[in-house]
Every structure is written in C-alpha cells, then in structure tokens.
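Here the structure is laid out as structure tokens; the discussion comes afterwards.
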Amino acid sequence: MAFYVTTPIYYVNAAPHLGHAYTTIAADVMARHHRQRGEAVFFLTGTDEHGEPVADAARAAGVSPQQLADENAQRFKALAPQIEASNDFFIRTTDAPHMAKVQEVLSRVRDNGFVYEGTFEGWYCPRCADFKAENEIDEGNRCPIHHIELTRESEQNYFFKLSAFQEQLLELYERRDDFVSPRSRYNEALSFIRSGLRDVPLTRHRLTWGVPVPWDSEHVFYVWFDALLNYYTALSYAPQPSGAALAGARAGAGAPAQALDLTQEFWPANYHLIAKDILRFHAVYWPALLMAAEIELPHHLFVHGYLLMQGEKMSKSLGNVLDPFAVIERFGADALRFYLLREVPFGQDGSVSTASFEQRYESELANELGNLASRTTAMVVRYRGGSLPAGDVDGELARDFAGLVQRVCAHVDAAELTAALDEIWQRVRRLNRYVEQQAPWRLAQAEDGAARLDLVLRTLAEGLRSVAVLLWPYMPASAERVLDALGAPDSALDGAELGAGSVEQVRQLEPLFPKAG
Ligand SMILES: [Zn+2]
C-alpha cells in the first residue's frame, strides 16, 4: 500500500501565516496516520516561485527573482519543522528537474494536439497572475480578491484547449462523486464545468521569470500550469522517503539511499489538500491537463475552509491575533495542531481566536489529556512501584473502545480529521470517568482491593496507551512522551486496540501541558 498526500505549493511572495500552517498540519496528520498503518507514504509540500508578482517584487527590491525566491523559500522550508511537519520532500518550482519535467509534460500536451497559437485579450490581475472572466470582475474593473484595478491585456499566446475536455470532465464528476469533497465544493466545480469551458492561455509572452517554452523561446509557461505540475514532477527526482518519522521500533529500516523514480510507487496522488480560493485550478484545469498529457488522475481533492479571525475577546498571554509562531513558542506545536483540527470542523470555515485557544488548552489538553496521563502514571508508581502484572483489561472499557481504531481509520480515509479526533477524545474523557468511578485511591486502602486495583490500573495504563497511539498523528511529541513513560514506544496502528499491547513498567510523567500561569 502507498499513500501520497500534498499541500499546495506556497507562493513565495507571501510570508508564512496561519493558513499555510493549517494546510500543512492537516496533510501531516494524514501522512503520519498512514505511516502508522504500515503504508509507504510520500508527503509533499514546497514553494511556487515563478510568475510576474515575484519578478515585480524582485525588481522593486533591487535583487534578481532567483535571489528573492531563494530567500523567501527558506522561510517556508523553516515552517515545516516548527509545526512538526514530517514532509518527505520540499519542492521548489525553480528546481531544474521540475522545470525539465514541466517542459516534457507540456510538450506532450502539445504533441497530443491540445495547444494552439492565438491572441488573448482580457482583464488581468497581476497579483493573481490570472485573467478574469467577465462574470467575475468587480465594479470598476477590479479584482474580486485583491480589489485592485485590473489591466486590459492582449497578447499573442499559446492556448490550452480546455474546452476539449468538457465532456470528459463531466463524465469524471459523474463517475467519481468523491473526486472533490466536501460536497459543496464538488457542486461548485461541477457547475463551473457545466457553465461551459473556454480555452485558457498556457504561456505568457515576453515574460522571462518562468519555465521556458521549449518550442518558442519568447514564451514562458503560465505560472499556474508550472505550479500544478509540481505534484507530478516531484516524484521524478525526490529521494525515497525514509519512513523514519514513525515512532518506535517499526520505523522503516533499510530504505535505499539512492534516488529512485517514485512515480511508479506513488502516482496518482491520494489527496491534494487545498483551500477553496484555488478550487478551479485544481478541480478543472488540473484533471484536464492530466487527461491531455495521458497521465492518471489523482484520487481525491479535499478543500478545507478558512480560519476566520474575528475581533473576539483576547487572551492575556497571546494578545488578540492568533499568531502560529507565538502559540508554538509559548505552548508548543502539538497544542497548535490539536487546536486547529479540534476547533474548526475540517472542511468548513470557522472562527479561531486566542481566547478559544487558551480555553481548549486548559480544559482539554491540560485538564483532560494531561491530567489523565499524569495521574495514571503517578498511581502506577505510587501503588505498584511502577510495575503492572500482566492480565486482561476491564470488559466495561473494552466495550467502550470496541471498533475505535476502525472508525478513526474510516474518518481519516475521508479526510474527516476533526471527526477522527473527536472519536479519540471521547475515549480520553471515558478514561477520566473511569478513574472517578473506580477510585483507585479507595481500592488501595481496601483490604481486599489488590486484584481489583491491578485490573483498574492496568486498564487505565492500557487505555492511555491506546489513545496515545491514536493521537500520535495529531500530537506527535506529546504522544511519544506518553508512550515512552508507559514503556511502549511502538506507535503502529495494528497495536492501537485496547488490550492489544501490554504495559509493564511505568514511569511518572511530568505534566504534558503545563498551565500557562
Ligand atoms: Zn487579484
């Protein structure tokens, strides 16, 4: 089994912000989850570096476009480890092998008869690097996204015959109703296709900052086609993924060191994660381009919503803007990862704020998970010297955990990352209720409580192990600390079932999520 997940490549003109972190974190959760299932995983992110906006910004800064791209790409490359993203490769569209592969694929599109020369005239937004259709222009010929005045441009171009794919795209959407999700985005893409597809420029004339068109040196490829192809080109020159990000003993041993072409193993992609502002390029242009190049289509495109920051009440430690870097510095990356996927149902728009972050941190991370981990390990140490005798787990808890792993897998398979997390979190709460109901501190006082206390402590430790394995994709560092304290570092999913593992030696765990103070 192989699993391939991508984020969009991020445009180097912007600085990394919460939106970039959000998509990358979500893709990372999927990648880690599939590694836990023992699958070969490839997780790709990177930067989009060509196009007029980069050339313009470089000119304004008095540097070359390549210098500007080099500088800004580093900021995105640095983001990944800060948010604990385990991407297997970081693609830059200025990578020479990417550019060569773009030329190869788009030449094939031309050889197949889907490229022609013509004159394009239209309203163009330099910030979008895109021409606007008549029905998407705001009053005063303004860009609906950037609100700047559009320019009327006319140029001699090579066109991609998008209109030739109208029927095939309709068939695709008919045949595969999970090609785009959530459903509202599928409908949006489908209605765009039904409204009638027009051919689109494939190249830009007289721009130089882009991938040169091999059959006409006065043109470079339109930045969107260059960018979209990253998902495919990366596999042709990225090194074999090591799988080393899986905690514990199962981490991929003996991966070959030399670069192999990964296309055979990982294409087509299982999931492209995107935000809704780039839906049309991914849901319409991208499959059409692949059809034109005779390349297999990706399985799924998942469109997540926006994180809205409204003027809500602010927290005292974080101010009023949810800055991912400030959160990480003060509370750690795990807390940010948990919060973003817990607070806003993945796939929908939702509000985030520093106040709601702090509330979840205290009530769920510190009081629920953190407390469960602290008191479970503390009680095993206090009442049993850290050693647990082998045996069964409590049947009552086993029933409440039955089918959990399968349900989490089913949710993650559908990119329902918030629903999967909620399944796990209900068991964190169940374990806390179990502590209250069983009151181990009373069993420890009772004359005939020893056997029962063994059962309760074993069930708690095993339950904590089970939820920690399942939480590992969401909160890798915290989950690893828990598993380490339980002496059970293996995070493979086939051992996640309650009762499937055995906890024998337990160490007291320091607070996972200290109170902010
Ligand atoms: Zn614009």
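Tell me whether region 206-217 contains one or more residues that are of a type in the set (A, V, I, L, M), modelled with pLDDT under 95 and within 16 Å of the ligand (Cβ to nearest atom).
Step one: filter region 206-217 for residues of a type in the set (A, V, I, L, M), giving 207, 211, 213.
When the remaining residues are screened for being modelled with pLDDT under 95, the result is 207.
Subset that is within 16 Å of the ligand (Cβ to nearest atom): none.
Taking every residue of region 206-217 in turn, none turns out to be of a type in the set (A, V, I, L, M), modelled with pLDDT under 95 and within 16 Å of the ligand (Cβ to nearest atom).
Considering only region 133-143, state which residues are within 12 Å of the ligand (Cβ to nearest atom) and of a type in the set (A, V, I, L, M, F, W, C). Hits for region 133-143 are Ile137, Cys143.
Looking across region 335-360, the residues that are assigned to a helix (DSSP H, G or I) and open to solvent by 10 Å² or more (accessible area, probe 1.4 Å) come down to Arg342, Glu343, Ala355, Ser356, Glu358, Gln359, Arg360. Taken over region 190-205, the criterion of being among the charged types (D, E, K, R) and either surrounded by 21 or more Cβ atoms within 10 Å (Cβ to Cβ) or in a strand (DSSP E or B) (or both) is satisfied by Arg204 alone. The single condition among (1) open to solvent by 20 Å² or more (accessible area, probe 1.4 Å); (2) modelled with pLDDT under 90; (3) over 29 Å from the mean Cα position of the chain (by Cα); (4) not β-branched (Val, Ile, Thr) that Lys161 does not satisfy is (2).
So which of Leu289, Leu279 ends up being part of a helix (DSSP H, G or I), modelled with pLDDT of 95 or more, surrounded by fewer than 22 Cβ atoms within 10 Å (Cβ to Cβ) and touching a helix residue (DSSP H, G or I) at 6+ places or on another chain (Cβ under 9 Å)?
On the way: Leu289 fails: surrounded by fewer than 22 Cβ atoms within 10 Å (Cβ to Cβ).
Unique residue meeting the criteria: Leu279.
Within the group Ala96, Ala78, Ala73, which residue is crowded, with 16+ Cβ neighbours inside 10 Å and more than 16 Å from the ligand (Cβ to nearest atom)? Show your work before the answer.
Working: Ala96 fails: crowded, with 16+ Cβ neighbours inside 10 Å; Ala78 fails: crowded, with 16+ Cβ neighbours inside 10 Å.
Exactly one of Ala96, Ala78, Ala73 is crowded, with 16+ Cβ neighbours inside 10 Å and more than 16 Å from the ligand (Cβ to nearest atom), namely Ala73.
The single residue among Ala461, Ala477 that is in contact with a helix residue (DSSP H, G or I) (Cβ under 7 Å, 6 or more places away or on another chain), open to solvent by less than 10 Å² (accessible area, probe 1.4 Å) and not in a loop (DSSP other than H, G, I, E, B) turns out to be Ala461.
If you scan region 42-67, which residues turn out to be closer than 24 Å to Tyr237 by Cα and over 13 Å from the mean Cα position of the chain (by Cα)? Lay out the reasoning, then the answer.
Just the residues of region 42-67 that are closer than 24 Å to Tyr237 by Cα, to begin with: 42-51, 65-67.
Within region 42-67, Thr47, Asp48, Glu49, His50, Gly51, Pro65, Gln66, Gln67 qualify.
Within region 119-132, does at least one residue satisfy the condition of being among the aromatic types (Phe, Trp, Tyr), open to solvent by 20 Å² or more (accessible area, probe 1.4 Å), away from the ligand (no atom under 15 Å from the Cβ) and closer than 20 Å to Gly51 by Cα? Yes, that holds for at least one residue. Of the residues making up region 144-178, those that are in contact with an Asp or Glu (Cβ under 8 Å, 6 or more places away or on another chain) and within 16 Å of the ligand (Cβ to nearest atom) are Pro144, Ile145, His147, Arg152, Glu153.
Looking at Phe114, is it open to solvent by 40 Å² or more (accessible area, probe 1.4 Å), away from the ligand (no atom under 16 Å from the Cβ), in contact with a helix residue (DSSP H, G or I) (Cβ under 6 Å, 6 or more places away or on another chain) and over 27 Å from Tyr11 (Cα atoms)?
Numbers: open to solvent by 40 Å² or more (accessible area, probe 1.4 Å): yes; away from the ligand (no atom under 16 Å from the Cβ): yes; in contact with a helix residue (DSSP H, G or I) (Cβ under 6 Å, 6 or more places away or on another chain): yes; over 27 Å from Tyr11 (Cα atoms): yes.
Yes: the conditions hold for Phe114.
The values are calculated or read from the model by the stated rules, or taken from the named source; none is laboratory data. Bear in mind the structure is a predicted one, so any value in this text is a computation, not a measurement. No Cβ is skipped: glycine too gets one built from the backbone with ideal geometry, and neighbour counts run over all protein chains shown. For accessibility, only protein heavy atoms count, side chains too; no ligands or nucleic acids. Shrake-Rupley method; radii C 1.70, N 1.55, O 1.52, S 1.80 Å.
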